[in-house]
Amino acid sequence: MSLLAVDLGIRTGLALFAEDGRLVWYRSQNFGSHARLRRGAPGVLRSCDTLTSVILEGGGSIANIWEKEALRFGLPVEIISAETWRADFLKPSIRNNGPLAKLAADDLARRVIDASGAKRPTSVRHDAAEAILIGLWGAIRAGWVGAVPW
């Protein structure tokens with residue numbers, strides 16, 4: 001079993017978590033347009049052969065594309081806002097300040113990468129960092145991860 005976390009946008013953050021709570025992979029992908037996203041989303045879902053759920057952060061027409069494709073694959077989808085996962089991981093003084101929240105997300109995502117033994121990046125785009133934290137939030141909710149040490 002695994003879950004895919006998606007930070008929605010034309011430039012999309014993606015993170016796959018295994019049921020042992022480990023981050024398997026993460027990346028940022030620039031689809032460039034709604035049309036290319038519509039064509040590309042099924043391939044992303046298909047590439048995750050043990051996928052059992054999808055968590056989307058965001059809304060609007062881009063969320064509709066991902067949700068439609070995930071449901072076509074028979075996958076349950078949860079759509080959340082950034083405030084949902086930020087409330088669990090970021091201090092109140094940081095979570096409502098966009099630039100500070102993105103810096104904190106980058107720091108926490110790097111800790112998750114290190115703890116999971118995933119490939120260490122030279123840089124982590126903010127959409128990938130946020131996808132990692134969305135996925136961690138989902139893995140905790142699923143009972144795949146216990147309390148985090150921060």
(request) Starting from residues that are free of Cβ contacts under 8 Å to residues at least 24 places away in the same chain and of a type in the set (A, V, I, L, M), keep the ones in segment 103-114 and report whichever is surrounded by the fewest Cβ atoms within 10 Å (Cβ to Cβ). (result) L103
(message) Scan segment 52-63 and tell me whether some residue there is under 24 Å from A118 (Cα atoms), in contact with a helix residue (DSSP H, G or I) (Cβ under 8 Å, 6 or more places away or on another chain) and either surrounded by fewer than 19 Cβ atoms within 10 Å (Cβ to Cβ) or among the acidic types (D, E) (or both).
(response) yes
(request) Please report, ordered by residue number, the helices (runs of 4 or more DSSP H) entirely within segment 55-150 with at least 2 residues that are among the hydrophobic types (A, V, I, L, M, F, W, C). (result) 60-72, 82-89, 98-116, 126-141
(request) Restricting attention to segment 83-102, report how many residues are over 20 Å from L56 (Cβ atoms) and exposed (fewer than 14 other Cβ atoms within 10 Å of the Cβ). (result) 6
(request) Output the residues belonging to segment 32-57 that are among the small types (G, A, S) and farther than 14 Å from L4 by Cβ. (result) G32, S33, A35
(request) Would you check which residues across segment 39-51 are modelled with pLDDT under 95 and surrounded by 14 or more Cβ atoms within 10 Å (Cβ to Cβ) and list them? (result) C48
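The values are calculated or read from the model by the stated rules, or taken from the named source; none is laboratory data. No experiment lies behind these values; they were computed from the predicted model shown. No Cβ is skipped: glycine too gets one built from the backbone with ideal geometry, and neighbour counts run over all protein chains shown.
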